[in-house]
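Got a structure for you, questions after.
What follows is calculated from the coordinates using simple rules that are stated; it is not laboratory data. Computed from a predicted structure; not experimentally measured. FYI the Cβ positions are ideal-geometry reconstructions off the backbone, even for glycines, and counts take in every protein chain you see.
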Amino acid sequence: MSSRDQILSRVKANKPPQVKLPDVAVFEQGEDGAAEKFTEILNAIGGGVYYVDDYQELLSILRDNYPDHGRIYSPIPDVKALTDCVAIEGSSGHQFADVEWAVIKGHFGVAENGAIWITGDLMEYRSLPFICQRLAIIIKQNDILPTMHDAYRRIGDSTYSYGAFIAGPSKTADIEQSLVLGAHGPKGMAVFIMKDDSVYS
Amino acid sequence: MNVTGKDHAQLAGAFNKDTQRVNWHDETLWWIRAKRDKAVHGLPEWEALRETASKIKHNVLANLDTYLQQFEVNAMGNGVTVHWAADAAEHNRIVHQLLTKKRITRMVKSKSMLTEECGLNEYLAEHGIEVIDSDLGERIVQLAKEPPSHIVLPCIHKKKEEIGDLFHEHLGTPAGNADPQFLTNTARHHLREVFLTRKAALTGVNFAVAETGEIVVCTNEGNADMGAHLADIHIASMGIEKLIPQRKHLGVFLRILTRSATGQPITTYSSHFKSPQPGKEMHIILVDNGRSTQLGREEFRNSLKCIRCGACMNTCPVYRRSGGHSYHNAIAGPIGSILAPNLNMERYADLPFASTLCGSCSNVCPVKIDIHDQLYKWRQVLVKAGYTPKTKTAAMKIMSTTLASPTAYRLAGKAGRMVIKYAPFAVNNALNPWYKQRDMPEAPKQSFREWYNDNRKKKN
C-alpha cells in the first residue's frame, strides 16, 4: 500500500464523529467608512497613508519625502510612463533588488489590521513587492473593508495564482524583542488612497 | 531533540543556575503575553471567534480523509505536485530526491517546525546539501548550532550580546557590537545574497484550503516569499492537520493567529500560494508522522487543532522559568508536552509532568485545546504504561498506603513533625528535592486532630 493510501485509511479509521461547520458570516460587519481605523492601524505598524489626486502627486510625494531616492519601478502603465525605470525583458524577479520604490495597485485594504490584498496579476513579478527597498501601494478610497471576514467575502471564489495580504513594512523583533523595520523585504510602506476613482485606471 | 539524555527537570535545573537570566526570560515572555491580552481584549467577539475556530478544526478532524483528498485534487489542478509522507524519514527522502533531480546542493528555508520535527537539516547535511534558515531567529540559532527554543520566537533565550558575538564570528561584524538595528541590517545583507542565489526554497504551511488547493504562509520578515518567488522550485512541507475546509475560514484563523502569538493584528505577510509561477515548480508534501495515530486517541486528538501560535508557552509559568530547550523536543511548552508523547512515550515521558496544571495554557489557546487536561491525562497513561521513574511510583505507593490508613497517617505526621523539629538537617539537604530553592516549614506543635481532641472533644 502506498503511503498515501496508508495515511488515508488510518485517518478514516481514527477520525471522530461528524460535526457541522459553524457559520462565519456572523462576524462580517459590512459597513464602509473604515478609512480612519485603517490609517490608525497602518501608522501603528510602521506604514504611512497619503491621500492623492493622481499618479503625478504620488510620485512627487515619494520624491519630496524621500529625497535620496533611487530607481522607481511600477508595472502600472501610467506610472511607468512618468518614471525612467524599465524591466529587462524576459528576466526573473531578481533584478528589482536595488529598486528603491516599487509602486503597485492593491485590491482593497482591511481596517482592523492595516493589510492590503494584492494578487499576482498586479505585481508583474511575484518578487517585486518583497525584494524592493520600499513599497508603495495604491487603493481607491471606497475600497477599505472593516474586517478579514469582509475581506474574504469580497475575495469570494475569485481566481488567482498567488495573492497576499501585506500589512506594513517587513519587520523582525528576533533580537531581544527590539522591533526593527526592514528584515528582508521593504524597509518602508506607503499606502496611497486615490480620492477620485476615475483616475485609478 | 534530546541529545543529552537528560529530562526536563535536569535541563531546567541547568537553566535555573543563572537567576538573572531566568528573570529576564520570564519577564520578556510575560510582556508578550500582555501584548496578546491587549490585542484580544480589543475584539468583543474574541470568545466567539475561539469557539468558531475550535469547531471548524473539529469539523476538519471529523472529515480529514475527505478534505485531504479534496485538497490533493484541487492542488494538482492548480499545477502543484502533491507528495505523501508517512513519517519523518519519508519526508526527508522526498525533499532530497526533489533536490537531487534538479542537481541542487544549496537550499534556503523559511520557518517550518515540521522540518525541525523531522530533522531535515541534519539529514540533508549528511547528504551534502547545505540548508540556510532564513528567519532571523532561526538563522541565529543555526549559527549557534542550537535548536529553536520557541516555535514563534526561535532565539528568545539569547541575549543580544551573544548574538553580536555570533555575528562577529560568522558574519564579520565588529567585535562587541550588539545593536539590534545594526545586527538585523547585517543579516538582511547576508540573507538577501542567499535569496538571490538559491534555486530551491522550502517553506512551512500555516493553513491549507481543501476547497481551493491553496496554501497560506504567514511571516513578518517576508522570508518565505523572498525564498519561494526567487527560486526555481518551491517545496512546502505540512502536517496533515493544517487543512481547513474553505477559503472564508481563513478570515477566522488569520484574525486569531497573530493576536495570540505576538499581539499584532496580523503578520506583515499572509501569502496565498495557489499555482507555481510560469516555468517553475511547486511541491507540497503532506506529512503524517504520528498524526493519524493521535487522531485515534480520543482524549488527545484535540491537540491536532493547534495552529502553532505559541500563546501557551508565553503564558506558562514553567516554560517561562525553564526555557524552551529543557523540553528537548522541536515543540516546547505545554502544547509540545502533549504532542511529544504521541511520537515516543518513553523518550518524552517527563514532559507532561513539566507543568503546574494551572490551566493558563487552556485559557489563552485560540482554538480551545484542553491542554492542561491532556497533560493530566498523559500522566495517567504514562504511569500505567510504566514510563515514569520507579522511585516516584514507589513513593506514590507509600503515600497512598499512608493516606489510606488513619494509624499510619497519624504516625507519619508525628514522625515528620519530630524530624523537622529535632533533626532539621535530615530534610534540609540536597537529597530532598523539596528543599531545592525552598525552606522547609516550621513544624506545628500538634496536628489538627490532636488540637481538636484537646480543645473541642474535651469540652463536649
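Classify the range A:104-175 as rounded, prolate or oblate, taking a ≥ b ≥ c as the square roots of the eigenvalues of its Cα gyration tensor: rounded when a/c is under 1.5, otherwise prolate if a/b is larger than b/c and oblate if not.
It comes out oblate by the Cα gyration axes.
Hey, with R₀ at 25 Å, roughly what FRET efficiency would residue B:145 and residue B:182 work out to, going by the Cβ-Cβ distance, to 0.05?
That gives a FRET efficiency of 0.60.
Here is a follow-up. Once the Cα atoms of helix B:390-404 and of chain B are each reduced to a long axis, what angle between those two axes, in degrees from 0 to 90 to the nearest 10, is obtained?
It works out to around 40 degrees.
Between residue B:380 and residue B:408, what FRET efficiency comes out of the Förster formula 1/(1 + (r/R0)^6) with R0 = 30 Å and r the beta carbon distance, rounded to 0.05?
Given R0 = 30 Å and the Cβ-Cβ separation, E is 0.75.
Right, something else. Where does helix A:55-65 land angle-wise versus the long Cα axis of chain A, in degrees 0 to 90, nearest 10?
The angle comes out near 80 degrees.
Say the cut-off is 24 Å between C-alpha atoms; which of A:171/B:101; A:37/B:38; B:109/B:248; B:145/B:242; B:17/B:414; A:20/B:242 go over it? Could the numbers behind the result be given before it?
Values: A:171/B:101 35 Å; A:37/B:38 17 Å; B:109/B:248 28 Å; B:145/B:242 29 Å; B:17/B:414 35 Å; A:20/B:242 18 Å.
Correct reply: A:171/B:101; B:109/B:248; B:145/B:242; B:17/B:414.
For the protein assembly as shown, what proportion of DSSP beta bridges, expressed in % and rounded to the nearest 5, is antiparallel?
30 percent
Right, something else. How large is Rg over Rh for the protein assembly as shown, taking Rg from the Cα atoms and Rh as the Kirkwood inverse mean of 1/r across Cα pairs?
1.03
Moving on. Check residue B:235: other-chain or 5+ apart residues with amide H under 5 Å from its amide H, H built from backbone geometry?
B:201, B:202, B:203, B:283
Can you list the residues, at least 5 places off or on another chain, whose amide H is less than 5 Å from the amide H of residue B:221, using H built in the peptide plane?
A:171
Tell me which residues come under 5 Å, amide H to amide H, from residue B:83 once H is placed; ignore anything under 5 positions away on its chain.
Under 5 Å from the amide H of residue B:83: B:284, B:285, B:286.
Classify chain A as rounded, prolate or oblate from the Cα gyration tensor: take a ≥ b ≥ c as the square roots of its eigenvalues, call it rounded if a/c is under 1.5, otherwise prolate when a/b beats b/c and oblate if not. Numbers along the way, then the final one.
Numbers: a/c = 1.92, a/b = 1.53, b/c = 1.25.
Note, shape of chain A comes out prolate.
Here's another thing I want to ask about it. Relative to the longest principal axis of chain A, what angle (0 to 90°, nearest 10) does the C-alpha long axis of helix A:35-44 take?
The angle comes out near 90 degrees.
Moving on to the next point. Considering every residue in B:296-302, what mean count of other chain Cβ atoms within 10 Å of its Cβ is obtained? Walk me through the numbers on the way to the answer.
Details: counts 6, 1, 2, 0, 0, 3, 1.
Rounded to a whole number, the mean comes out at 2.
While we're here: In whole angstrom, note down how far apart the Cα centers of the range B:392-455 and the range B:259-328 are.
For the range B:392-455 versus the range B:259-328, the Cα centre distance is 45 Å.
May I ask which residue of B:243, B:318, B:303 lies farthest towards the positive end of the charge dipole of the protein assembly as shown, with charges of +1 (Lys, Arg) and -1 (Asp, Glu) on Cβ and the Cα centre as origin?
Farthest towards the positive end: B:318.
For residue B:384, list the lysines whose Cα falls under 18 Å from its own Cα; do not include residues on the same chain fewer than 8 positions away.
Of all the lysines, those that pass the test against residue B:384 - Cα under 18 Å, at least 8 places apart if same chain - are B:392, B:397.
What list of ³J(HN,Hα) values in whole Hz, one per residue of the range B:247-262 in order, does the Karplus curve 6.51 cos²θ - 1.76 cosθ + 1.60 (θ = phi - 60°) give from phi, with Gly and Pro shown as x?
Those phi angles translate into 4, 4, 5, 4, x, 5, 6, 6, 6, 8, 4, 7, 4, 6, 6, 10 Hz.
Turning to a different aspect of this structure: Mind checking which lysines have their Cα closer than 25 Å to the Cα of residue B:102? Skip sequence neighbours fewer than 8 apart in that chain.
B:111, B:199, B:274, B:280
Continuing with this model, one more query. Please give the average number of partner chain Cβ atoms lying within 10 Å of the Cβ of each residue in A:43-49, rounded to a whole number.
Per residue, the average neighbour count from other chains is 1.
Answer rounded, prolate or oblate for the range B:43-289, using the Cα gyration tensor with square roots of eigenvalues a ≥ b ≥ c: rounded when a/c is under 1.5, else prolate when a/b is larger than b/c, else oblate.
Values: a/c = 1.96, a/b = 1.29, b/c = 1.52.
It comes out oblate by the Cα gyration axes.
Work out how much length residue B:440 to residue B:299 would gain on full extension: take 0.36 nm times their residue separation and subtract the Cα-Cα distance, in nm to one decimal.
Gain on extension, residue B:440 to residue B:299, equals 47.0 nm.
By per-residue mean of other Cβ atoms within 10 Å, what is the highest-first order of B:385-395, B:223-233?
Values: B:385-395: 11.6, B:223-233: 26.8.
Most protected by this proxy first, the peptides run B:223-233, B:385-395.
On to the next question. Shielding by partners for B:58-65, please: the mean number of other protein chain Cβ atoms within 10 Å of each residue's Cβ.
Working: counts 7, 6, 3, 5, 7, 6, 7, 9.
Mean inter-chain Cβ contacts per residue within 10 Å come to 6.
Right, something else. Compactness ratio of the range B:402-457: Cα Rg over 2.2 N^0.38 Å, N = residue count?
1.31
Also, I was wondering about something else. Which order do the peptides B:188-197, B:201-210, A:188-197 take when ranked by the mean count of other beta-carbon atoms within 10 Å per residue, highest first?
On the way: B:188-197: 17.0, B:201-210: 25.0, A:188-197: 19.2.
For the peptides B:188-197, B:201-210, A:188-197, the packing ranking is B:201-210, A:188-197, B:188-197.
For residue A:187, which aspartates and glutamates qualify as cross-link partners when the Cα separation must be under 12 Å and same-chain residues fewer than eight apart are set aside?
Within the straight-line cut-off, residue A:187 pairs with A:100, B:221.
Here is a further query. Return, in residue-number order, each cysteine of chain B whose C-beta is not under 4.7 Å from any other cysteine's C-beta.
B:118, B:155, B:218, B:306, B:309, B:316, B:358, B:365
Between the range B:77-142 and the range B:24-49, what is the C-alpha centre distance in whole Å?
33 Å
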